[in-house]
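What follows is a set of notes on a single structure, which appears directly below.
The values are calculated or read from the model by the stated rules, or taken from the named source; none is laboratory data. These numbers were taken from a predicted model, which means no experiment stands behind them. In this analysis, Cβ positions are derived from the backbone assuming ideal geometry, glycine residues included, and neighbour counts consider all displayed protein chains.
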Amino acid sequence: MTFETAVYWIILAGIAGMIFYFIDEWRLDRHYQNGYWAGRSAGWKSCLDHQAKVQAMKLDQVFDYDKN
């Protein structure tokens, strides 16, 4: 293998490595974003469910005038 051939293979391997790196970063970022927004959605749903339960509990409570 001559020096020029080795240089071409090194450049080709570097370009291929960068392509695989950017594809992997894109894939990881996409999966992270999907999980992040799914978690945010679940958090909001949990919060709204809790607020509805608290509101229902407050409406069910009866003020006892004799106690106070």
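Of all residues in segment 10-54, which are within 11 Å of the chain's Cα centre (by Cα) and among the polar types (S, T, N, Q)?
Once the filter is applied, which keeps residues that are within 11 Å of the chain's Cα centre (by Cα) and among the polar types (S, T, N, Q), segment 10-54 yields 33, 34, 41.
Residue-wise test of (1) part of a helix (DSSP H, G or I); (2) at pLDDT below 95; (3) in contact with a Ser or Thr (Cβ under 7 Å, 6 or more places away or on another chain).
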{"residue": "8", "(1), (2), (3)": "yes, no, no"}
{"residue": "14", "(1), (2), (3)": "yes, no, no"}
{"residue": "19", "(1), (2), (3)": "yes, no, no"}
{"residue": "25", "(1), (2), (3)": "yes, yes, no"}
{"residue": "35", "(1), (2), (3)": "yes, yes, no"}
{"residue": "65", "(1), (2), (3)": "no, yes, no"}
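Out of (1) exposed (fewer than 10 other Cβ atoms within 10 Å of the Cβ); (2) of a type in the set (Phe, Trp, Tyr); (3) assigned to a helix (DSSP H, G or I), the odd one out for residue 44 is which?
(1)
Of all residues in segment 47-67, which are polar (S, T, N, Q) and exposed (fewer than 10 other Cβ atoms within 10 Å of the Cβ)?
The one that is polar (S, T, N, Q) and exposed (fewer than 10 other Cβ atoms within 10 Å of the Cβ): 61.
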